[in-house]
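**Q** Here you go, one structure.
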Ligand SMILES: [Zn+2]
């Protein structure tokens, strides 16, 4: 799939702890990158990007949204290459002031190295990346400030966590009683109207079967909306699995210390109608049963 990208673009597929990177080679000889992975693997991100750059200077870092798995390499890449960082406009002041709780890092028990944005990108704007024109669209639902990028000339969509090949990211606003399902619905409508022939998601491989991805996403959205406790349970498992990917191994007590004051985890627990300690226990049991975690005595291990 990567071979079908325009020659000015490169795709680095990562995993569920670190979001994918998309590189653009600019006409002036410099390069830009969209999204930078999680802080734990920032050195690996730097090495992967450096190899792809082939000696070009990295001038710009752009983030689709400021979740820790999309901007955790910002600081390291900016330091290594002197790149300037651009974030969605709604998150600019939070990032400049490094408001950890509002940026979701503290609220999810996740980590991010501090970085300083040089500016912002906003819905309705047009950007030139890799000598293609990209339209910026709002992509709320998963994250109220998220954006996605669409190149009309090549019908390529950079969808972040608004659409994956099989689903989309947790609808976080719904966990605290705010609207998110409606926004997710609108994002899927927008994506359908754009009719991309290639989608580069925040996680997982590039895909081309838009109809299948939209059908899966709509099916999942309808299932979540029918009983919001499903979104809460999904969020609990995602949050716990993410911490386990970060820590690799931990006891239940250590995980509880990491998550007990994390507001998003507490909101999801309340919506799942469980006290946080029981919500953690339920999540761990579910993840072990699904084979996403293993138990060795007191220790939980992320395989
Ligand atoms: Zn996200």
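**Q** Can you tell me which residue among 292, 279, 250, 268 is modelled with pLDDT of 95 or more and part of a strand (DSSP E or B)?
**A** The unique qualifying residue is 250.
**Q** I would also like to ask the following. Here is a list: 196, 205. Which entry is more than 15 Å from the ligand (Cβ to nearest atom), outside any helix (DSSP H, G or I) and surrounded by 19 or more Cβ atoms within 10 Å (Cβ to Cβ)?
**A** Result of the check over 196, 205: 196.
**Q** Let me ask something additional. With the structure loaded, tell me whether residue 183 is assigned to a helix (DSSP H, G or I) and under 19 Å from residue 66 (Cα atoms) or whether it fails that test.
**A** Yes; evaluated as a whole, the condition is true for this residue.
**Q** Still on this structure, please answer the following. Kindly check whether there is at least one residue in segment 279-300 that is within 30 Å of residue 154 (Cβ to Cβ) and either touching a strand residue (DSSP E or B) at 6+ places or on another chain (Cβ under 8 Å) or free of Cβ contacts under 8 Å to residues at least 40 places away in the same chain (or both).
**A** no
**Q** Right, something else. Need the failing condition index for residue 11 against (1) assigned to a strand (DSSP E or B); (2) closer than 18 Å to residue 142 by Cβ, just the number.
**A** Going through the list (1) assigned to a strand (DSSP E or B); (2) closer than 18 Å to residue 142 by Cβ, residue 11 breaks only (2).
**Q** Given (1) assigned to a helix (DSSP H, G or I); (2) touching a strand residue (DSSP E or B) at 6+ places or on another chain (Cβ under 7 Å); (3) surrounded by fewer than 20 Cβ atoms within 10 Å (Cβ to Cβ), where does residue 213 come up short, assuming only one miss?
**A** Result: residue 213 passes all but (3).
**Q** Within segment 14-37, which residues are within 16 Å of the ligand (Cβ to nearest atom) and surrounded by fewer than 19 Cβ atoms within 10 Å (Cβ to Cβ)?
**A** Within segment 14-37, the first condition is being within 16 Å of the ligand (Cβ to nearest atom), and the residues that meet it are 14-22, 34-37.
Correct list: 15, 16.
**Q** Another question about this same structure. All but one of (1) out of contact with any strand residue (DSSP E or B) (no Cβ under 8 Å at 6 or more places or on another chain); (2) without any contact (Cβ under 8 Å) to a residue 24 or more places away in the chain; (3) part of a helix (DSSP H, G or I); (4) not assigned by TED's automatic domain parsing to the domain that holds residue 110 hold for residue 274; state the number of the condition that does not hold.
**A** (3)
**Q** Would a scan of segment 164-176 turn up a residue that is in the same structural domain as residue 69 (by TED's automatic domain parsing), over 17 Å from the mean Cα position of the chain (by Cα) and surrounded by fewer than 17 Cβ atoms within 10 Å (Cβ to Cβ)?
**A** yes
**Q** Could you list all residues from segment 168-177 that are within 16 Å of the ligand (Cβ to nearest atom) and assigned to a loop (DSSP other than H, G, I, E, B)?
**A** 168, 169, 170, 171
**Q** From the residues in segment 138-159 that are touching a helix residue (DSSP H, G or I) at 6+ places or on another chain (Cβ under 7 Å) and over 14 Å from residue 34 (Cβ atoms), which one is surrounded by the fewest Cβ atoms within 10 Å (Cβ to Cβ)?
**A** 144
The values are calculated or read from the model by the stated rules, or taken from the named source; none is laboratory data. Being a predicted model, the structure only gives us computed values, none of them experimental. Backbone-built Cβ (ideal geometry, glycine too); neighbour counts: all protein chains shown.
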